[in-house]
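This report refers to the structure that appears directly beneath it.
Read-outs throughout are calculated quantities, based only on the coordinates presented, and are distinct from any laboratory measurement. Nothing here was measured: the structure is a model prediction, and the numbers come from that model. Every residue, glycine among them, receives a Cβ derived from its backbone with ideal geometry; neighbour counts consider all protein chains shown.
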Amino acid sequence: MQHADAVSGWERLRRRTRHGDLLFWLIALSFAVLVVSLLVAIIAVTWDGSAAARHEFGFGFLTSSTWNPVKNQYGALPAIYGTVMSSAIALLIAGPIGVMIGVFLAEVSPSRLRMPLSFLVELLAAIPSVVYGMWGIFVFIPFFRKWIATPISEQFGDAIPLLAGPVTVGRGMLVAGIILAIMIVPTIAAVSRDVLSVVPTHQREALIALGATRWEVIRHAMIPYARAGIIGGMMLGLGRALGETMAATMVIGNTPRIEGSLFAPATTAASLVASQLPNAGSEMHSSALILVALVLFCITLVANSIARLLVWKVQRGSGGRA
Amino acid sequence: MAATHAPRQSLLEASGSQRRKITSKILVGMTGAATLIALVPLLLIISYVVVQGFQSLNFDFFTQTFKPVTLGSAPTSAGGVLHAIVGSLLIVGIALLMAVPVGVMAGIYLAEYPGTSASNVIRFSTDVLTAMPSIVVGVVAYVLIVQRAQQFSALAGSIALMVLMVPVVTRTTEEILRLVPGSVREAAMALGVPKWRFTLNVVIPMGLSGIVTGILLAFARAMGETAPLLVTVLGNNNLTFDIFGPMQALPLIAYRYTEQPFEVLNQQAWGAALILVAIVLFANVMVRLATRRTTGGR
């Protein structure tokens, strides 16, 4: 009796509220679908806008190293090389430092310092990139040229072509890599901290019980457990470095050539587009730049997908075991 | 288990414990050193921006527009950046008006109707948009609006910024609405309140501070974005309210005036940078305060 009453009451309620709920669901869904359509529009527009360059140059666009707007000859290789190289330098510097910060924040630091330090590291990620670029130009590059680039190229330039001079204005590949490293450290540190702090306590306790030192606990219990997540954090940092535009534009020198030396000016895909698109003279020029943007989008998408997959894997793994 | 506690000391001594202890001290110390190393550039950059920027803040800086540099023994320019402040607020404001409804509603959808295949697609799209290089978004706005209208315009910049703001608002809205306890939803459901009513009247008010937080973060991020503006609003030396024409913005000032050979303009670039950094810091501190309150000091 009560059971039947409850069902019919529930039915009545459902009928009464169905339209409102349906409407609400539809409104929320249509806005959410708008988000998806933004992504679809971005892909469609860059694909469509780069049609001229894709037809003209085909696959050779990716392997040609000529970038000559005057002769309408375009190849993306210098931009791809610069993007990958500067990001690789950034990752090489920021990777170990970021992971060590993650270890410090998750395990070593006194708990009183943990909050303010995390906050400070996160602030680094929030500073607008144009400010990094300015600081690079006014402060870091003069210092770097005088005290690092010039002495190194004089000492080792003859033996190692990668470090050859002449160091001109100081803008170049290595400076860009270092500034990008400063910018991606917080990303790597934050992800490493997060994945390291979900390492189950019993993992650590087991090693402590065996008499392991603090470092051995970190090295043998925590890092292996969080490895995939740490690598994921590095890939996320890499994704940021690949797509970073302003700081790179300001410090890399914007020269679409492949040079042997790390002190020589270069360009990245993002900075090539940012510096040339507003003044693109011809249809083909802007089409080629749009194609560069599309290539950049694909590169960052791949890096970020791998990163998400790895971070997700770690978090799911810990959730299942905890 | 308890028995393993006793031999702990002897185990340490047995296997070169001194060396291992020192190794541990050094490597653990290195993690602290790395943290210090990362904080050095932060402090250097912020202090440099503050010191340099304060020198260029004066009445003219906020009330005048661009004045050409007068060449002389010491080139001078009495201009200010009013046109860029107005431009930045206008461009970001319009972007905010477009991004907030989309972002908040998408966030509500993700939080209230989770686990469907639609919400997976939407979450994936949000993730991709979050990681999207801002220049790519700028290129899209350039192709869609600037190329078609044959005119650089503030509106194109707003649309580009909107695309960058939406995922920030969506994710923070979703995360904060998830913190609303299930018991609240169950209580409302038990009372027979329709879902849309308790979402609007109970869930959203409870998460309001978090939603505002997300909007604040998106605002701060958009204020500092330079690359998409470079290819859409281009820049303008005059004060203008015409959103269908080129406009000036603070980050563009910071970029362009840095590349100028004139000391006076470089100074103004630092002033613009100071304003941007101040906005970012302010937003982040506010977010910290707001989230600390809602998550109980975690």
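Full extension from B:Ser183 to B:Ala149: what is 0.36 nm times the residue separation minus their Cα-Cα distance, to one decimal in nm?
Contour length minus Cα-Cα distance gives 6.9 nm.
Work out how much length A:Glu122 to A:Phe138 would gain on full extension: take 0.36 nm times their residue separation and subtract the Cα-Cα distance, in nm to one decimal.
My answer for the length gained is 3.4 nm.
What nm distance separates the two modelled labels at A:Ser37 and A:His55, each placed 7 Å from Cα along Cα→Cβ?
The answer from the label model is 2.8 nm.
At a Förster distance of 41 Å, what's the computed FRET efficiency of B:Met98 paired with A:Ser64, Cβ-Cβ distance as r, to 0.05?
The value I calculate is 0.55.
Counting only helical runs of four or more DSSP H residues, what would the 222 nm mean residue ellipticity of chain B come to if each run contributes -39,500 (n - 2.57) and the total is spread over all its residues?
Mean residue ellipticity, 222 nm, calculated: -23500 deg cm²/dmol.
Between A:Val169 and A:Ser197, what length in nm is gained on full extension when 0.36 nm per residue of separation is reduced by their alpha carbon distance?
Residue separation times 0.36 nm, minus the Cα-Cα distance, leaves 5.7 nm.
Among A:Pro116, A:Pro186, A:Gly237, flag the residue with its Cα farthest along the positive direction of the charge dipole of chain A, charges on Cβ as +1 for Lys/Arg and -1 for Asp/Glu.
A:Pro116
Tell me the Rg and the Dmax, in Å, that the Cα atoms of chain A produce.
Over chain A's Cα set, Rg and Dmax evaluate to 25.6, 96 Å.
Points 7 angstrom from Cα along the Cβ direction at B:Leu89 and A:Glu154: gap in nanometres?
Each label point lies 7 Å from its Cα, and together they span 5.2 nm.
Based on DSSP H assignment, which helices of chain A show an axial Cα extent of at least 24 Å together with a mean Kyte-Doolittle hydropathy greater than or equal to -0.5?
Details: long enough: A:2-49 (65 Å, 0.65); A:77-103 (38 Å, 1.82); A:173-197 (35 Å, 1.98); A:223-243 (30 Å, 0.94); A:283-321 (57 Å, 0.98).
What comes out of the filter, once short or polar helices are dropped, is A:2-49, A:77-103, A:173-197, A:223-243, A:283-321.
Run down the aspartates and glutamates and flag those whose C-alpha is under 18 Å from the C-alpha of A:Lys71, throwing out any fewer than 8 positions away in its chain.
Partners within reach: A:Glu56, A:Glu283.
Rounded to the nearest 500 deg cm²/dmol, what is the calculated helix-only ellipticity per residue at 222 nm for chain A, with -39500 (n - 2.57) per DSSP H run of length n ≥ 4?
My calculation for chain A gives -24000 deg cm²/dmol from helical runs alone.
Measure off 7 Å from each Cα along the Cα-to-Cβ vector at B:Leu57 and B:Arg197, then give the distance between these two points in nanometres to one decimal.
The answer from the label model is 5.1 nm.
I need the peptides A:207-214, B:196-203, A:110-117 ranked by packing, meaning the mean over residues of other C-beta atoms within 10 angstrom, with the highest value on top. Each step should come with its number before you reach the end.
Numbers: A:207-214: 18.1, B:196-203: 16.5, A:110-117: 12.4.
Sorting A:207-214, B:196-203, A:110-117 by mean packing, highest first, produces A:207-214, B:196-203, A:110-117.
Give the distance, in whole Å, between the Cα centre of the stretch B:138-163 and the Cα centre of the stretch B:228-261.
Using only Cα atoms to place each centre, the spacing works out to 14 Å.
Say the dipole of chain B comes from +1 at the beta carbon of Lys and Arg and -1 at that of Asp and Glu; which of B:Leu42, B:Met247, B:Asn237 then lies farthest toward its positive end?
B:Leu42
Show me the helices of chain B, taken as full DSSP H stretches, that run 15 Å or more along their long axis by Cα and average 1.6 or above in Kyte-Doolittle hydropathy.
B:82-112
Counting only residues 5 or more places away or on other chains, whose amide H sits under 5 Å from the amide H of B:Thr76 once H atoms are built in the peptide plane?
Residues meeting the criterion, in which the H sits 1.01 Å from N, are B:Thr70.
Give the cross-link partners of B:Lys195 among the lysines, using a straight C-alpha distance below 27 Å as the criterion and excluding same-chain residues fewer than 8 apart.
none
Consider a paramagnetic label point 7 Å from the Cα of A:Val302 along Cα→Cβ; state which residues of the stretch A:69-91 have an amide N under 12 Å from it.
A:84
Roughly how many Å is it from the Cα centre of the stretch A:268-304 to that of the stretch B:51-102, as a whole number?
Rounded to whole Å, the Cα centres lie 29 Å apart.
Return the Rg/Rh value of the stretch A:59-174, two decimal places, where both radii are evaluated on C-alpha atoms and Rh is the Kirkwood radius.
1.09
What is the calculated FRET efficiency for A:Leu309 to B:Thr70, with r their C-beta to C-beta distance and R₀ = 51 Å, to the nearest 0.05?
About 0.30, to the nearest 0.05.
With +1 on each Lys and Arg Cβ and -1 on each Asp and Glu Cβ, how big is the dipole of the protein assembly as shown about its Cα centre, in debye rounded to the nearest 20? If you can, show how the numbers build up before the last one.
On the way: 42 positive and 26 negative charges, 364 e Å.
Computed charge dipole of the protein assembly as shown: roughly 1740 debye.
Just want the answer: with Cβ charges of +1 for Lys and Arg and -1 for Asp and Glu, which residue in A:Ile223, A:Thr268, A:Val311 is farthest toward the dipole's positive end in the stretch A:218-322?
Checked the options; the winner is A:Ile223.
Could you give the dipole magnitude of the stretch B:159-298 about its Cα centre, charging the beta-carbon of Lys and Arg +1 and that of Asp and Glu -1, in debye to the nearest 20?
740
Bin by bin, in steps of 10 Å, what percent of the Cα pairs in the protein assembly as shown do you find, going until the bin that has the longest distance?
For the protein assembly as shown, the binned pair fractions read 3, 14, 24, 25, 18, 10, 5, 2, 0, 0 percent.
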